[in-house]
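Q: Just passing along the structure, written as structure tokens.
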Amino acid sequence: MSYSQKQQKELNIDDLKNHIHNTSGIQKLKLLDSLCRITRDRIELKYDSIVKITIEYAIVNIQARSIRRLE
């Protein structure tokens, strides 16, 4: 991977993180999943932390839907 490709990928990751920060619900979960796929093979991008956040967000999202159904 060339330097410019690496820069572009990191730029895309930053853009994606910003978009995730400004999104909620299922759309946010989809974006988090995309971020997991992009960072999967690059330990230096803290893949483990991203996966943990994605799983936690998914669980909270499922719980919220379940509570709404009970009401």
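Q: Classify segment 10-71 from the C-alpha gyration tensor, please: rounded if a/c falls under 1.5, else prolate or oblate depending on whether a/b exceeds b/c. Working shown, then result.
A: Numbers: a/c = 3.64, a/b = 1.98, b/c = 1.83.
Here segment 10-71 falls in the prolate category.
Q: Using a 1.4 angstrom probe on the protein heavy atoms only, line up Glu56, Glu44 by accessible area, largest first.
A: On the way: Glu56 90, Glu44 125 Å².
Largest accessible area first, the list is Glu44, Glu56.
Q: Then there is this: Suppose accessible area is computed on protein heavy atoms with a 1.4 Å probe; arrange Val51, Val60 from highest to lowest.
A: Descending accessible area places them as Val60, Val51.
The values are calculated or read from the model by the stated rules, or taken from the named source; none is laboratory data. Every value quoted in this text rests on a predicted model; they were computed, and no experiment measured them. Ligands, DNA and RNA are excluded from the accessible area calculation, which covers all protein heavy atoms including side chains. Shrake-Rupley method; radii C 1.70, N 1.55, O 1.52, S 1.80 Å.
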